[in-house]
Amino acid sequence: MAMQSGFIKRIRDIMWMDAGINGDAQRIEQMVWMLFLKVYDVKEDDWELNEDNYESIIPEDCRWRNWAKADSKGHAMTGDTLLNFINNILFPVLKGNDIRDGDKIIYEGVKVTPNTPVKKAIVKSTFEDANNYMKDGVYLRQVIDLIDKIEFDDVKESHDFGFVYEEILRSLQSAGSSGEFYTPRAVTDFMALMIKPKLSEKMADFACGTGGFITSWLGQLSKQVTDTTAQRQLDDSIYGIEKKPFPYLLCVTNMLLHDIEVPNIYHMNSLQHNLLDYTDDDKFDVIMMNPPFGGSEDKSIQSFFPDDLKSSETADLFMAVILYRLKKGGRAAVVIPDGFLFGLDNAKVNLKKKLIGEFNLHTIIRLPSSVFSPYTSIATNILFFDNTKPTTETWFYRVDIPSDRKHFSKTKPMELKHFDDCIAWWNDRKVIQDGEFFKAQKYPAEYLLNDRGCNLDLCGYPREEEEIISPSDLVQKYEAECTFLNAEIYKAISILKSSLNGENVGSYTQDMIGACGKMSELHEHFPEDMRKSILQYAMQGKLVEQRPEEGTGEELYRQIQAEKQALMKAGRLKKEKELLEITEDEVPFDIPDSWKWVRLPEIGTSSLGKTLNKGTDEGDVVPYLCSINVYWNGIDLSHVKTAKFSVIDKEKYLLHKGDLLVCEGGDVGRSAVWDGDMQMYYQNALHCVRFFGTVSPYYFKYCLELYKYNKIIESASKGMTNKHLVQGSLYSILFPLPPLAEQKRIVEKLEELLPYCERLGK
């Protein structure tokens, strides 16, 4: 079978018709367990050829070659027969359960003992938590046939499958949560390049996901393989642990595809081991990983850690594991979120003290927050350190977005070439000034520990380039900066007091003035930054939980479309011109799988108000709204103007309760919902958005407020100096559509939290 880029699409199209599959995560998981069995069957062909008396751990009837393939007459299991076999025989057997008929064992479940070779034991561990979701045996047969046509023993086809594997990983980004299963290949390749692998070294990843870091390590190390001894060293150079069944399954399959016949990949939780019990035998020459961030652990997991390193944050606990499992003389490269750099809670401070005081933290690479976009906007960094000596100085380097784009995206991801400047700098380190900031700078350990109080947020992005960070990270960063600036102010005051005997104190005074100015700026920006952050979290589906019983954005979309069709049929709505298909590059951030991206004309209409011709209009004098009446916190009726509107105009421009008013010019995009009971009209400085079905107009008002902050409205507006949000521009903007009940809960939560931001600003 010729491997083509549409391979996954064809499988996805078949699964789409199956009632048991819900979302990309299930589709991909379904596909991957089949791929594993197909790949494993190909490997068993090799083992049978090269080993005397090779015996499969899988019962003969359950091997891919005997149930997935058609017989000599072209017959193969399908329909209910196939479904029954997979659900009631194949999966139970591979999970280790015997299939019985009374007391008689028909199929013996896969058994694993401490003496079972790893390449056999992986079958049971791979299927322990795997699931078959498909409910239609005919569709299941079609997917199996597609996968069976792949010839992995064909060199070209096996190579081509690498591209399909990459497509699976890219699909995982939208199916998983916050890049949980996938670190961009450019990042893993850069880290492997900088870590400089050596034969005879053993590398570990304690949350290996789908094996991205391991693959990049093998890619670098393979360049040194010249004979069979070196090949054996390469095969034995990896060690991985993955807690979650799906990425574990994909990782093992990945290793088999890379001809690692004994994948030292283990299905367990790296955090469920007493940190103080690790010995030298548990340590590694190199550790490369991206600890899962954004997660939290309960007290049962925290109990494995000493009191000074206990934390509810998953990333913190993994950092502790890394420090305890890095060999003397070993090297590490670790992706870590911004929150670790500026966080000042007990665990983070103690981890950073240990890292700087006992290890050589020689380099921190700051990454743009869109590296993981659009799936998460959490900004990340790469820590490079070794276990050779305490830190004397640390270099910081900021990787900037390339000049030809505003951000990275799914279709235009970060590439290894975007690290070229960083690689050149790495080999010839120099301070790089960037206005009042530094793009690259080195700082002594004493400054980081004492003067900075373990706040390592240095050489970051200038304020105007900063991405919106999460509310909790923003609070941590605010606290850290306040602590640091207060210390600077108190230090300057102390020196000033002790110098009042006539000594020159000008420089100390300037230090205090500078710190006070920065503190004032920090307090000034924090309320607005917090408002932005809360809005961003809300529109990414992170502010309130998703509840399956509330339905999906797709279901709400269909209801709205039905209402739209009814309006068109009744002649109350004209048919709009066809909208452009939504592309991945347009998507501004990640949203939950249960939501849907839409354009405004799909869910409502928009029209500008009446153009007033002073002195020539005829009709009744009526009140109307313009942009000076519309504010984010509501409609201001204290300065309502009046004008003559004809009977036709009164019908056309009468506001309905729930209409969303959006400023076309002036403060472009400023919005409010009309919820008054009086008769009110609007003029041409305002768009009136009227939704077809039942949605929360307040939800969309808050969405527009976020878009005002992150400049989506500005980008969509027309004009060089005086911007205008013309109708075509408004129609081009994408909106995230959650289920209606979730929209209401988001609005309720925002109306609870945002007033606190206003109070902070007063």
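Whether a residue is modelled with pLDDT under 85 and crowded, with 24+ Cβ neighbours inside 10 Å was assessed, and Thr188 does not pass this test.
Checked against (1) open to solvent by less than 10 Å² (accessible area, probe 1.4 Å); (2) not in a helix (DSSP H, G or I), Arg331 passes all but condition (1).
Of the residues that sit in region 554-584 and are assigned to a loop (DSSP other than H, G, I, E, B) and touching a helix residue (DSSP H, G or I) at 6+ places or on another chain (Cβ under 7 Å), which one is nearest to Phe735 (Cα to Cα)?
Of the residues in region 554-584, the ones assigned to a loop (DSSP other than H, G, I, E, B) are 570-583.
From what is left, the residues that are touching a helix residue (DSSP H, G or I) at 6+ places or on another chain (Cβ under 7 Å) are 573, 575-576, 579.
Details: Leu573: 22, Lys575: 21, Glu576: 18, Leu579: 14 Å.
Across region 554-584, the extreme among qualifying residues is Leu579.
Any residue at all in region 89-98 that's open to solvent by 40 Å² or more (accessible area, probe 1.4 Å), of a type in the set (Asp, Glu), under 25 Å from Asp18 (Cα atoms) and out of contact with any Pro (no Cβ under 6 Å at 6 or more places or on another chain)? Within region 89-98 (the criterion being open to solvent by 40 Å² or more (accessible area, probe 1.4 Å), of a type in the set (Asp, Glu), under 25 Å from Asp18 (Cα atoms) and out of contact with any Pro (no Cβ under 6 Å at 6 or more places or on another chain)), the answer is no, since none of the residues qualifies.
Beta carbons closer than 6 Å, at least 6 apart along the sequence or on distinct chains, pair a first residue in region 332-349 that is under 21 Å from Tyr461 (Cβ atoms) with a second that is open to solvent by less than 10 Å² (accessible area, probe 1.4 Å) and modelled with pLDDT under 85 for Phe342/Ala480; Leu344/Ala480. When Phe246 is tested against (1) touching a residue at least 40 places away in the same chain (Cβ under 8 Å); (2) under 24 Å from Asp282 (Cα atoms), just one condition goes unmet, and that condition is (2).
In region 648-750, counting only strands (runs of 3 or more DSSP E) that sit wholly within it, the ones holding 1 or more residues that are open to solvent by less than 10 Å² (accessible area, probe 1.4 Å) and more than 22 Å from Lys610 (Cα to Cα) span 734-737.
The set of residues in region 604-642 that are open to solvent by less than 40 Å² (accessible area, probe 1.4 Å) and in contact with a Phe, Trp or Tyr (Cβ under 6 Å, 6 or more places away or on another chain) comprises Gly604, Gly609, Lys610, Val622, Tyr624, Leu625.
Residue count for region 196-239 under the criterion of being in a strand (DSSP E or B) and either modelled with pLDDT under 95 or among the hydrophobic types (A, V, I, L, M, F, W, C) (or both): the result is 3.
For the condition out of contact with any strand residue (DSSP E or B) (no Cβ under 9 Å at 6 or more places or on another chain), open to solvent by less than 70 Å² (accessible area, probe 1.4 Å), within 21 Å of Leu383 (Cβ to Cβ) and at pLDDT 95 or above, Ala440 does not qualify.
Of the strands (runs of 3 or more DSSP E) contained entirely in region 374-436, those carrying at least 2 residues that are open to solvent by less than 50 Å² (accessible area, probe 1.4 Å) fall at 380-386, 393-398. Test Asp308 against the criterion of being assigned to a helix (DSSP H, G or I), open to solvent by 10 Å² or more (accessible area, probe 1.4 Å), of a type in the set (Asp, Glu) and modelled with pLDDT of 90 or more, and give yes or no. Here the answer is yes, as Asp308 does meet what is asked. Restricting region 673-685 to residues that are at pLDDT 95 or above and in contact with a Cys (Cβ under 9 Å, 6 or more places away or on another chain), the residue that is nearest to Pro623 (Cα to Cα) is Tyr682.
The values are calculated or read from the model by the stated rules, or taken from the named source; none is laboratory data. Note that the coordinates shown come from a computational prediction; the quantities given were computed from them, not determined experimentally. So basically every Cβ, Gly included, is an ideal-geometry build from the backbone, and we count neighbours across all protein chains shown. Just the protein is used for accessible areas: all its heavy atoms, side chains included, with ligands, DNA and RNA removed. Shrake-Rupley method; radii C 1.70, N 1.55, O 1.52, S 1.80 Å.
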